[in-house]
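Here's the structure, in structure tokens; my notes come after.
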């Protein structure tokens with residue numbers, strides 16, 4: 001057995017030793033255990049020790065308020081940096097780059113090739129076309145770009161053939177290499193997921209690179225969701241960072257996903273949710289030591305090959321590949337924030353009901369990333385070469401983040417009032433009981449400052465509504481829709497997270513659910 005056999009683990013059943021299976025299974029259960037024990041403790045202590053719970057809730061709400069204000073400064077700095085980077089001519093910076101001194105075997109930035117893989121499953125032609133077209137209008141030389149559209153056999157021959165014919169006819173001569181792969185269905189050791197489709201295409205790209213004699217160190221791999229629309233200077237910005245970062249072969253590069261492609265086609269509640277997600281990723285760009293790859297991102301192709309590509313039997317492949325690299329390189333791997341935006345789809349469907357369902361399922365799939373806690377924690381225990389400080393820092397950040405994801409909205413908006421209802425007559429007659437609602441109300445009122453900040457950045461990020469005669473009024477209305485935040489936090493943040501963690505707790509593993517894409521047809 002390899003010393004790093006834990007790199008390919010997906011489930012506890014993959015382990016041969018009984019003790020290791022029990023440990024891994026416990027780590028899978030850990031997020032759900034922490035969440036449900038928190039809820040049970042809040043209910044029981046509200047009855048037996050209402051004053052304790054009241055003090056805890058006040059401290060927790062103050063902590064949450066402080067965290068919100070702290071993050072608002074990060075969001076401001078990140079937005080400013082993103083705006084500055086958008087105006088930079090990265091090609092000029094590349095041309096003025098005298099030499100590369102970070103160990104890469106290149107003499108000129110034009111030695112760098114970009115490999116872009118776009119995995120898809122039944123997405124409409126308009127979505128696929130817009131993504132590929134955005135690659136075509138970037139400022140990076142197209143004779144240094146390899147683009148693969150990765151289709152799924154399970155989508156059906158009729159669908160694949162029709163879309164492939166239209167896309168191939170339009171883009172076949174637009175890049176250095178452009179081709180379409182079809183991932184066979186039901187391969188052993190795989191689940192139907194983005195990771196298995198993308199890995200099939202990435203292995204084809206490896207074969208191509210060997211035939212063309214392109215060293216893997218000269219290839220930057222971009223794993224993009226099919227709805228990803230890149231900014232015009234994305235690849236030049238990415239190339240500059242790749243050539244100037246200290247350890248480019250041990251670094252992934254994370255852009256800022258802004259869910260704006262079809263934002264005006266989405267209902268208000270989805271629009272607020274999309275901006276909340278966008279703002280969170282803006283904030284994370286200012287916390288590089290905590291940054292983990294999410295959704296569309298870029299990385300050295302050599303690193304991808306070194307870890308034997310993405311696992312083909314996991315749901316959260318975008319974060320899993322970071323943990324694979326971190327464990328493989330004994331902790332010597334990091335994520336570099338690009339402060340460069342890409343645009344993706346907001347959740348929108350044919351009907352409001354379907355949009356709501358899709359929002360819940362998408363958030364549940366994201367929250368299912370709690371399963372990564374078992375993977376990297378088990379890996380941390382096995383890999384003694386990773387510095388303990390980094391292990392603790394990353395583990396705490398992820399575990400605390402998933403606990404907050406599931407618990408914070410419930411504790412703030414629901415369980416915080418339980419001592420008043422369950423504390424009994426003795427507690428309700430105290431001054432503490434009388435003042436608790438007032439204290440919480442005032443703190444939550446102050447927290448509306450976070451909503452005001454969100455409204456402010458919504459005004460600047462929201463694109464004009466197409467064919468609208470009153471654009472300012474539309475944007476103003478979109479800003480005021482932030483009053484839906486408490487509702488979205490409970491029903492589309494906490495509940496999906498509790499759902500995902502409970503499935504892990506009970507061993508009811510989820511499969512990969514691709515978010516359906518819906519846009520108006522091209523004229």
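The values are calculated or read from the model by the stated rules, or taken from the named source; none is laboratory data. No experiment lies behind these values; they were computed from the predicted model shown. Glycine also receives a Cβ, built like all others from the backbone with ideal geometry; neighbour counts cover every protein chain displayed.
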Original post:
modelled with pLDDT of 90 or more, out of contact with any strand residue (DSSP E or B) (no Cβ under 9 Å at 6 or more places or on another chain) and part of a helix (DSSP H, G or I) - does that describe any residue in the stretch 244-260?
Top reply: yes
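Go through the residues of the stretch 216-230 one by one and say whether even a single one is surrounded by fewer than 16 Cβ atoms within 10 Å (Cβ to Cβ) and modelled with pLDDT of 95 or more.
No: zero hits.
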Subject >> Residues of the stretch 150-173 classified as touching a strand residue (DSSP E or B) at 6+ places or on another chain (Cβ under 8 Å), surrounded by 13 or more Cβ atoms within 10 Å (Cβ to Cβ) and either at pLDDT below 95 or not in a strand (DSSP E or B) (or both), total >> reply: 7
Original post:
Can you find a residue in the stretch 271-284 that is assigned to a loop (DSSP other than H, G, I, E, B) and touching a residue at least 24 places away in the same chain (Cβ under 8 Å)?
Top reply: no
**OP:** Would you check which residues across the stretch 124-149 are over 13 Å from residue 229 (Cβ atoms) and not in a helix (DSSP H, G or I) and list them?
**Re:** 124, 139, 140, 141, 145, 146, 147, 148, 149
Subject >> Criterion (touching a residue at least 60 places away in the same chain (Cβ under 8 Å) and under 30 Å from residue 289 (Cβ atoms)) met by exactly one of 220, 226, 214 >> reply: 220
Subject >> Selection from the stretch 70-94 of residues that are loosely packed, with under 14 Cβ neighbours inside 10 Å and outside any loop (DSSP other than H, G, I, E, B) >> reply: 70, 73, 80, 83, 84, 87, 92
Subject >> Search result, residues across the stretch 288-317 that are over 23 Å from residue 207 (Cα atoms) and part of a helix (DSSP H, G or I) >> reply: 288, 289, 290
Original post:
Quick one: is residue 372 within 17 Å of the chain's Cα centre (by Cα), surrounded by fewer than 20 Cβ atoms within 10 Å (Cβ to Cβ) and closer than 20 Å to residue 25 by Cα?
Top reply: no
Subject >> Residues of the stretch 178-237 satisfying the condition of being in a strand (DSSP E or B) and within 26 Å of the chain's Cα centre (by Cα) >> reply: 180, 181, 182, 183, 219, 220, 221, 222, 223, 229, 230
**OP:** Please work out if residue 119 is surrounded by 14 or more Cβ atoms within 10 Å (Cβ to Cβ), in contact with a strand residue (DSSP E or B) (Cβ under 6 Å, 6 or more places away or on another chain) and under 19 Å from residue 345 (Cβ atoms).
**Re:** yes
Subject >> Among (1) at pLDDT 95 or above; (2) closer than 27 Å to residue 345 by Cβ; (3) touching a strand residue (DSSP E or B) at 6+ places or on another chain (Cβ under 9 Å) - the single one residue 144 does not satisfy >> reply: (2)
**OP:** Tell me, please, whether a residue that is over 19 Å from residue 63 (Cα atoms), modelled with pLDDT of 70 or more, surrounded by 15 or more Cβ atoms within 10 Å (Cβ to Cβ) and within 20 Å of the chain's Cα centre (by Cα) can be found in the stretch 476-487.
**Re:** no
**OP:** For the stretch 41-51, state whether one or more residues are in contact with a helix residue (DSSP H, G or I) (Cβ under 7 Å, 6 or more places away or on another chain), under 30 Å from residue 486 (Cα atoms) and either in a loop (DSSP other than H, G, I, E, B) or modelled with pLDDT of 95 or more (or both).
**Re:** no
**OP:** Could you look through the stretch 456-475, keep only residues that are assigned to a helix (DSSP H, G or I) and within 16 Å of residue 260 (Cβ to Cβ), and pick out the one that is modelled with the highest pLDDT?
**Re:** 461
Original post:
How many residues does the stretch 1-35 hold that are over 23 Å from the mean Cα position of the chain (by Cα), under 20 Å from residue 395 (Cβ atoms) and assigned to a helix (DSSP H, G or I)?
Top reply: 9
**OP:** Would you check which residues across the stretch 49-59 are crowded, with 17+ Cβ neighbours inside 10 Å and in contact (Cβ under 8 Å) with a residue 24 or more places away in the chain and list them?
**Re:** 50, 53, 54, 57, 58
**OP:** Within the stretch 422-435, track down each residue that is closer than 14 Å to residue 48 by Cβ and in contact (Cβ under 8 Å) with a residue 24 or more places away in the chain.
**Re:** 422, 423, 424, 427
Original post:
Can you pull out the residues in the stretch 5-19 that are without any contact (Cβ under 8 Å) to a residue 12 or more places away in the chain and buried (at least 18 other Cβ atoms within 10 Å of the Cβ)?
Top reply: 15
**OP:** Keeping to the stretch 350-392, report how many residues are part of a helix (DSSP H, G or I) and closer than 19 Å to residue 328 by Cβ.
**Re:** 14
**OP:** Would you mention how many residues in the stretch 394-423 are in contact with a helix residue (DSSP H, G or I) (Cβ under 9 Å, 6 or more places away or on another chain) and exposed (fewer than 13 other Cβ atoms within 10 Å of the Cβ)?
**Re:** 1
